Amino acid sequence: MAIDVQDLVLLAGGRTLLDRASMTVARGEVVLLVGLSGTGKSLTLRLLLDLLDREDPAFDVSGDIRIFGQPVHKAARERAGIVFQDFGLFDEWDARENIGFGLDHRRSKSETPRAAAINELIDGFDLNHAGRVATLSGGMKQRCALARTLAFHPDLIIYDEPTSGLDPAMSTRVAERIRKTNDEFQKTSLVVTHDLAALAGIANRILLLDPVAKSFREVPPDRVELTLDELRCADIKEPNPPRAASVAARLENWMVASAQVLEAAFRTLWALLPRWPRMRWGLRYLLYYLRLTSLGSALVYVGISGFILGLIVTYFTFSFLPFKQYTEPLLIDRIISAIGFGLYRIMVPGMTAMLVAARSGAAIAADIGNRVYSRQTDALRSFGVAPERYLFTNLLWAQLLGMPLLIAVNFLCARAASLLVFVIIHSEYSTWFWAAEFNRFLGAGDSWFYAGTGWLVAKSLVSALGVGAIAWFQGLSPKESGRDIATAVTRTIIWGTLFVLCVQLVSALCEFDPL
């Protein structure tokens, strides 16, 4: 058997969706799985692909699920693939690269050279002129998603609503492609659908998820619509809404949340260890997140901010000196030294960390949130890749590698602005005088670096790591709409900024001992 489900019990949110349900799908079959909305078809799909987190308290699962005779947790990531309803394509790559990703992560090495194998699928699915995913039509995206799944070479292909949103003519062509793919490549296909008109003709069997019996049952093609109409009229009891949590329950939830924060901290440190399934893709995702967080516009952003910071600090320090006409001639050298010290040790690292929390944190949260919403994280899991391996690890390293560069740019621009303002308002002094005094309190001595660089690097890297982790966990939370993504971005900015401020405060108290 390709799929063998026995005595499956599935509870979601306190509601029993399946109760000791069983079903089988033989090798080589095309089987449709139909049912009313909200009866558990999507959750069943996720169970068959081992994509459902069984430790999530919202779900309770028991029973035996086997894929080609093996337990689902062993076989799903190697022998099963999926074509998602919204495709789950990696939109940072083009069609050819998406197919290459599936090929590179297959369980057995392809006998055909990599380029030839990709070209064969590109030609076979008429994707020769396909560019970046965002530019593709719906039909091209579907063909690309199917080609990527075939490149992975699974024995079982699951289709999630493959004709959703398509016109009747296109739905018929999709149905024909599913049948042709199944027969030509010797696959087994399970199709989750509402579109019986287009897909019933290609199926060997049709299974119905019965919300009354809470089980699967086979239905003849000519009886499916009538059976669904009967179920729509059936009285399906829903569970009572949960009561408000008691004080004890709220305390327990708080303790669980605290434990989760500690767990997240350990997971962040563990994620720093690169465990890339494929070096090629590990490096590509690292470069992707460096571009997203620290290169290009980020350098311009912090450069402009640093220039404005240096200009404001220098101009207003000299403009608002008390008893300016007496104190400035006596203290001008010390004032310049204090400006240099303040910029390097306090203002530049603090400002850069805040900018990173706002810009990079928002960018990461939006990126990960979009991947969750568009099922890209599930697509990674379907190829046997934990999203943490390519996404979390690389965004953390992009933060750590990019932060020193951003601080350097910010400081150099602030320094340049400070010099410019000083030269304009004190033209009688030379730039050599300014440079010597600016560096006085930052004297490196025998070291290659300014004094205090160790503190600067430590607090900046902790800030970068914390912002990256906050953005990851906020972005990774469930997303049902664009509003959820926006909420995650907002929370990342708020919590990231507060985290950075706390790091800067603790660092200042330790670095500059008031006693």
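Things to note:
- When the surface is traced with a 1.4 Å probe over the full set of protein chains, Asp183 keeps roughly 90 Å² accessible.
- Each of Val174, Val409 has its accessible area taken with a 1.4 Å probe; listed largest first, they run Val409, Val174.
- Helix axis angle, 95-104 relative to the chain longest principal axis, alpha carbon, degrees: 80 degrees
- Full extension of the chain between Asp183 and Ile424 yields a length gain of 78.9 nm, computed as 0.36 nm times the residue separation minus the alpha carbon distance.
- Pairwise centroid distance, computed over Cα atoms, of the range 56-85 with the range 146-195, Å: 19 Å
- Applying 0.36 nm per residue to the separation of Arg440 and Leu226 and subtracting their alpha-carbon distance, the gain on full extension is 68.3 nm.
- Cα long-axis angle, helix 324-342 against the chain (0 to 90 degrees, to the nearest 10): 30 degrees
- Extension gain (nm, one decimal) between Glu218 and Ser164, 0.36 nm per residue minus Cα-Cα: 17.2 nm
- The helix-only estimate of mean residue ellipticity at 222 nm for the chain, built from DSSP H runs of length n ≥ 4 each weighted as -39500 (n - 2.57), is -19000 deg cm²/dmol after division by the residue total.
- Between the range 261-310 and the range 362-422, the alpha-carbon centres lie 3 Å apart.
- Fraction of beta bridges assigned by DSSP in the chain that are antiparallel (%, nearest 5): 60 percent
- If you sort Lys180, Lys459 by accessible surface, 1.4 Å probe, largest first, the order is Lys180, Lys459.
- Projected label points at Asp333 and Asp126, each 7 Å from Cα along the beta carbon direction, are separated by 8.1 nanometres.
- What the phi angles of the range 496-504 give under the Karplus curve with 6.51, -1.76 and 1.60, with θ = phi - 60°, is a coupling list of x, 5, 5, 4, 4, 4, 5, 4, 5 Hz, glycine and proline written as x.
- For the chain, the fraction of 1.4 Å probe accessible surface lying on carbon and sulfur atoms is 61 percent.
- Rounded to the nearest 10 Å², the accessible area of Glu480 at probe 1.4 Å: 150 Å²
- Alpha carbon centroid spacing (whole Å) that separates the range 212-234 from the range 5-52: 15 Å
- Zone of Phe68's modelled label, taken as backbone nitrogen in the range 1-22 under 13 Å from a point 7 Å along Cα→Cβ: 1-3
- Neighbourhood net charge (15 Å Cβ-Cβ; Lys/Arg +1, Asp/Glu -1) for Ile407: +4
- Computed from Cα positions, the angle between helix 114-124 and the longest principal axis of the chain comes to roughly 60 degrees.
- Ala197/Met1 FRET efficiency (R0 22 Å; Cβ-Cβ; nearest 0.05): 0.15
- Computed label-point distance, nm, for sites Ala451 and Ala134 using a 7 Å Cα→Cβ extension: 4.9 nm
- Probe 1.4 Å - accessible area at Cys510, Å² to nearest ten: 80 Å²
- Shown is the FRET efficiency for Ser477 and Asn204, computed with R0 = 25 Å from the Cβ-Cβ distance and rounded to the nearest 0.05: 0.05.
- If R0 equals 35 Å, the separation of the Cβ atoms of Ala508 and Ala264 corresponds to a calculated FRET efficiency of about 0.85.
- Probe 1.4 Å, accessible area per residue of the chain, Å²: 49 Å²
The values are calculated or read from the model by the stated rules, or taken from the named source; none is laboratory data. Predicted model only: the values in this text are computed from it and were never measured. Virtual Cβ from ideal backbone geometry, glycine too; neighbours counted across all protein chains shown. Each accessible area value is taken on the protein alone, full model and side chains, heavy atoms only, with ligands, DNA and RNA left out. Shrake-Rupley method; radii C 1.70, N 1.55, O 1.52, S 1.80 Å.
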